[in-house]
Amino acid sequence: MKNLRIISILVLMTLFCVSGVQAKDADKIGYVDLSRLFDEYYKTKEYDKVLEAKHKEFEKERNVKIEQVRESQGKLGVLTDEKKQELEEEIEKMKANLLEYDRQNKTDLTKERNEKIREILLEIEKIVSDYAAKKEFTLILNDRVLIYGDQTINLTESILSILNEK
């Protein structure tokens, strides 16, 4: 009988401890608006400016090449047949070079953009992980997987202030 009482007490104590841990864990869930973190992160804004400048430079060079092709096409009407044939071949080479230039630069810009996005997202993930560890969160979700999230567990503002203070 005495053993049964001790076992019962131990079982009850274990249940209270387990339920206490579960309640504590439930309080440590949060979520973030990852799109907003990304868009409002100062490094994203800085990189957007760099990317825009590179794109403008690309467009400028591309427009120069297009204008060269147009000028050459304009000269075709006043040339002799022999010179016209040479210029037409040169124009075709210029067009091919323009297409290759366009394709290569778009590929390079896209690759660079994707690498930078990945780098920024990894930084955000690191900050969120550090925040979770420091504040003892059990779980921090991306809002894209939520159907509903109470604003009291939305950590976006806190994380955003940490991201932009550096």
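Here's the yes/no breakdown for (1) in contact with a Ser or Thr (Cβ under 9 Å, 6 or more places away or on another chain); (2) at pLDDT 90 or above; (3) assigned to a helix (DSSP H, G or I); (4) of a type in the set (D, E, K, R):
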site	(1), (2), (3), (4)
Gln68	no, no, yes, no
Glu82	no, no, yes, yes
Glu86	no, no, yes, yes
Glu100	no, yes, yes, yes
Thr110	no, yes, yes, no
Arg113	no, yes, yes, yes
Ile117	yes, yes, yes, no
Ile120	yes, yes, yes, no
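Does Ile66 satisfy the condition of being surrounded by 13 or more Cβ atoms within 10 Å (Cβ to Cβ), touching a residue at least 24 places away in the same chain (Cβ under 8 Å) and closer than 30 Å to Ile153 by Cα? Here the answer is no, as Ile66 does not meet what is asked.
Screening the stretch 147-166 for residues that are part of a loop (DSSP other than H, G, I, E, B) and in contact with a strand residue (DSSP E or B) (Cβ under 6 Å, 6 or more places away or on another chain) and picking the one that is surrounded by the fewest Cβ atoms within 10 Å (Cβ to Cβ) gives Gly149.
The values are calculated or read from the model by the stated rules, or taken from the named source; none is laboratory data. Fair warning: this is a prediction, and the values are worked out from it, not measured in the lab. We place every Cβ from the backbone using ideal geometry, glycine too, and count neighbours over all the protein chains shown.
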